[in-house]
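Below: one structure, written as structure tokens.
The values are calculated or read from the model by the stated rules, or taken from the named source; none is laboratory data. Keep in mind the model is a prediction, meaning the values are calculated, not measured. With ideal geometry, Cβ positions are generated from the backbone for all residues, glycine too; neighbour counts draw on all protein chains shown. Ligands, DNA and RNA are excluded from the accessible area calculation, which covers all protein heavy atoms including side chains. Shrake-Rupley method; radii C 1.70, N 1.55, O 1.52, S 1.80 Å.
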Amino acid sequence: MTQNAPTSRLGLAATALAVPLDEVELATAVSAFRGCPAPGTDLTARLVSQALTALDQVPLDVRLYVHDLQDTAGKWPALPITLPPTPWQAATLVDDLAAMVTALSAVELREAAEGLALTRGEVALVYRALTRAHGWLSDDGPLPDAGARPQERRAKEAQLLQMFDDVAPHAWTPEQVGAVRKALLVRLASLGDALLRVSALAPAPLDWQVDGPRFTAQVPVLGAPQPLEAHVAAEPLEPHIFASWNDPVWGSHEVTSPAECWRWSVGWRSADGVFHTDAGSTEATQAAARFGAEQTLAAYAAQAPTVRQRLRRRLLVPRPPNKVAMSDPAVVVLGLRPLLESVLGEYRSEADRPASAAGRRVLPHQDANKEHGLVAILLDDCALPYPELGEPANDADPASAAFDDFLRSHAVILTPPARAYLAGLSQAGPGELPLRRRHEAAMRAVLAVGGEAADLLTADTGPLPDGMAWIDLLDAAALEEFLEGTEPDQAP
């Protein structure tokens, strides 16, 4: 590798991994980040160097996903079916890597496999895919699971790994040659993924602290009651049922089978101190896990005013309730139709499970057993936050200013019909009442708005079908007919 400008991917990767821009040191650092042994021979060092140099061509504004190259290489020469679709760059880059390994002779493939410490499992999986025509490797004969008898596992292992007997490369079958070549391609692609990943994002180091068996770090956010928080901890891996699965195919590398992976998680704590994970994943190495957590935390902090928790839907930075404006990019407007659709879902749930029709309460919104009241259920169905145990708003009536302030603090604005409906659910009475009674009371509260009620309802839910009146929606069957016969975009 030649000296590159600081904006090259190789230069950025060297900076991110804190190594000099040297082909040997960078290849070693990328391999360590990925959890792979460093190249052990001149041939493999050259291959890895060529692969990383080939990927240096990727424009910095091109973003591939964490395993795009590896997944594409696993299907090569076919393209994998992915959601979202695999970027065309992944296929093109894998073709470039494939050209390198396709040019290798069988002898060179064996040397490369030894130099990269390819494992029996890496090659066996490819070999199995290439030899499915054999009865013992057909789709009707899957690999045994951990519950299989030991003798069955040993027999299947011996069959599957028989290609690793001491056979000279010149005597390999086409399937053996293809398996080693494909496994080598997948390994190079995985190293390419690591390079693209660390070169795509600027380093965002955190002040990691040891917290028992894990590492933690925090980033204060202006206006947030709690800082963003990251955790990194080791998790044990179950040993493979094939004892030699993670052994090198050839060579004397002292490769220890991984006994653990590293999980990172990012989130923030609620008022009661409970940590709520919002994003996370597992990585092969601690360095990769820290990198994932650091990059996610940096992304969250950069867009902190609009970040919502995935499950609790609460804003990282709550708003003063009296200052929420429709121009706020985080604002979500809740109309009546989503609430009615959620109620219909509850009706159907009762029909499927009659035992669930005992009654529905409203307050508290969440009880000591973390069970939800009806309003909390509907808000949760609409992917919106609801008051929780220990919060003042947990006992606030849906018609109260305290309840409205809670929603507005998380940039949720109710339309007048939606507000009237939620208030009406409570007005049916305290305690547990049938869903039918609560829905009827809520719809009557909506219809009691008066004035331009019909226009408000039409804007919120779409127009009524011919021959139906708004009062008909008190009935569950009419409600179902209405919701299934109209669409929200039919509203003027």
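Quick grid of which residues meet (1) open to solvent by 30 Å² or more (accessible area, probe 1.4 Å); (2) in contact with a helix residue (DSSP H, G or I) (Cβ under 7 Å, 6 or more places away or on another chain):
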position	(1), (2)
Thr415	no, yes
Leu422	no, yes
Gln427	yes, yes
Asp455	yes, no
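If you check every pair at least six apart or on different chains, which have Cβ atoms under 9 Å apart with a residue in the stretch 30-42 that is at positive phi first and a residue that is charged (D, E, K, R) and outside any loop (DSSP other than H, G, I, E, B) second?
Gly35/Glu283
So for the stretch 16-30 (the condition being over 25 Å from Glu111 (Cβ atoms) and within 27 Å of the chain's Cα centre (by Cα)), does at least one residue qualify?
For the stretch 16-30, residues over 25 Å from Glu111 (Cβ atoms) and within 27 Å of the chain's Cα centre (by Cα): present.
Could you say whether any residue in the stretch 168-180 is over 30 Å from Asp61 (Cβ atoms), modelled with pLDDT of 90 or more and open to solvent by less than 70 Å² (accessible area, probe 1.4 Å)?
Checking the stretch 168-180: at least one residue is over 30 Å from Asp61 (Cβ atoms), modelled with pLDDT of 90 or more and open to solvent by less than 70 Å² (accessible area, probe 1.4 Å).
For residues that are outside any loop (DSSP other than H, G, I, E, B) and open to solvent by 20 Å² or more (accessible area, probe 1.4 Å), scanning just the stretch 267-278, find the one that is nearest to Ala234 (Cα to Cα).
Here the residue is Thr277.
Starting from residues that are at pLDDT below 85 and under 19 Å from the mean Cα position of the chain (by Cα), keep the ones in the stretch 41-79 and report whichever is farthest from Gln295 (Cα to Cα).
Only one residue fits best here, namely Asp68.
Between a residue in the stretch 103-116 that is open to solvent by 70 Å² or more (accessible area, probe 1.4 Å) and any residue that is outside any loop (DSSP other than H, G, I, E, B) and not acidic (Asp, Glu), which pairs come within a Cβ distance under 8 Å, given they are 6 or more apart or on different chains?
As it stands, the answer is Val107/Pro169; Val107/His170; Glu111/Leu43; Glu111/Thr44, since those pairs meet every condition given.
Does Val255 qualify as being of a type outside the set (Lys, Arg), touching a Pro at 6+ places or on another chain (Cβ under 8 Å) and modelled with pLDDT under 80?
Against the criterion (of a type outside the set (Lys, Arg), touching a Pro at 6+ places or on another chain (Cβ under 8 Å) and modelled with pLDDT under 80), Val255 qualifies.
Do you know which of the residues in the stretch 61-75 that are under 20 Å from Ser281 (Cβ atoms), among the aliphatic types (A, V, I, L, M) and not in a helix (DSSP H, G or I) is most open to solvent (accessible area, probe 1.4 Å)?
By that ranking, first place goes to Val66.
Of all residues in the stretch 457-476 being touching a residue at least 60 places away in the same chain (Cβ under 8 Å) and either surrounded by fewer than 16 Cβ atoms within 10 Å (Cβ to Cβ) or not aliphatic (A, V, I, L, M) (or both), which is nearest to Gly335 (Cα to Cα)?
Among those residues, the one meeting the criterion is Asp460.
Taking the condition of being in contact (Cβ under 8 Å) with a residue 24 or more places away in the chain and more than 30 Å from Ala51 (Cα to Cα), how many residues in the stretch 196-217 meet it?
Qualifying residue count, the stretch 196-217: 4.
Checking the condition among the aromatic types (Phe, Trp, Tyr), touching a strand residue (DSSP E or B) at 6+ places or on another chain (Cβ under 9 Å), over 30 Å from Asp405 (Cβ atoms) and assigned to a loop (DSSP other than H, G, I, E, B), which residue from Trp264, Trp245 passes?
From the options Trp264, Trp245, the qualifying one is Trp245.
Residue-by-condition table, conditions (1) surrounded by 15 or more Cβ atoms within 10 Å (Cβ to Cβ); (2) modelled with pLDDT of 85 or more; (3) part of a loop (DSSP other than H, G, I, E, B); (4) in contact with a Ser or Thr (Cβ under 9 Å, 6 or more places away or on another chain):
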site: Pro144; (1), (2), (3), (4): yes, no, yes, no
site: Met163; (1), (2), (3), (4): yes, no, no, yes
site: Arg187; (1), (2), (3), (4): yes, yes, no, no
site: Leu195; (1), (2), (3), (4): yes, yes, no, no
site: Ser199; (1), (2), (3), (4): yes, yes, no, yes
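Got a sec? Which of Asp460, Asp455, Asp466, Asp489 is among the charged types (D, E, K, R), modelled with pLDDT under 90 and not in a helix (DSSP H, G or I)?
Exactly one residue qualifies, and that residue is Asp466.
For the stretch 10-37, give me each residue that is among the small types (Gly, Ala, Ser) and under 21 Å from Glu294 (Cβ atoms).
Correct list: Gly11, Ala13, Ala14, Ala16, Ala18, Ala29, Ser31, Ala32, Gly35.
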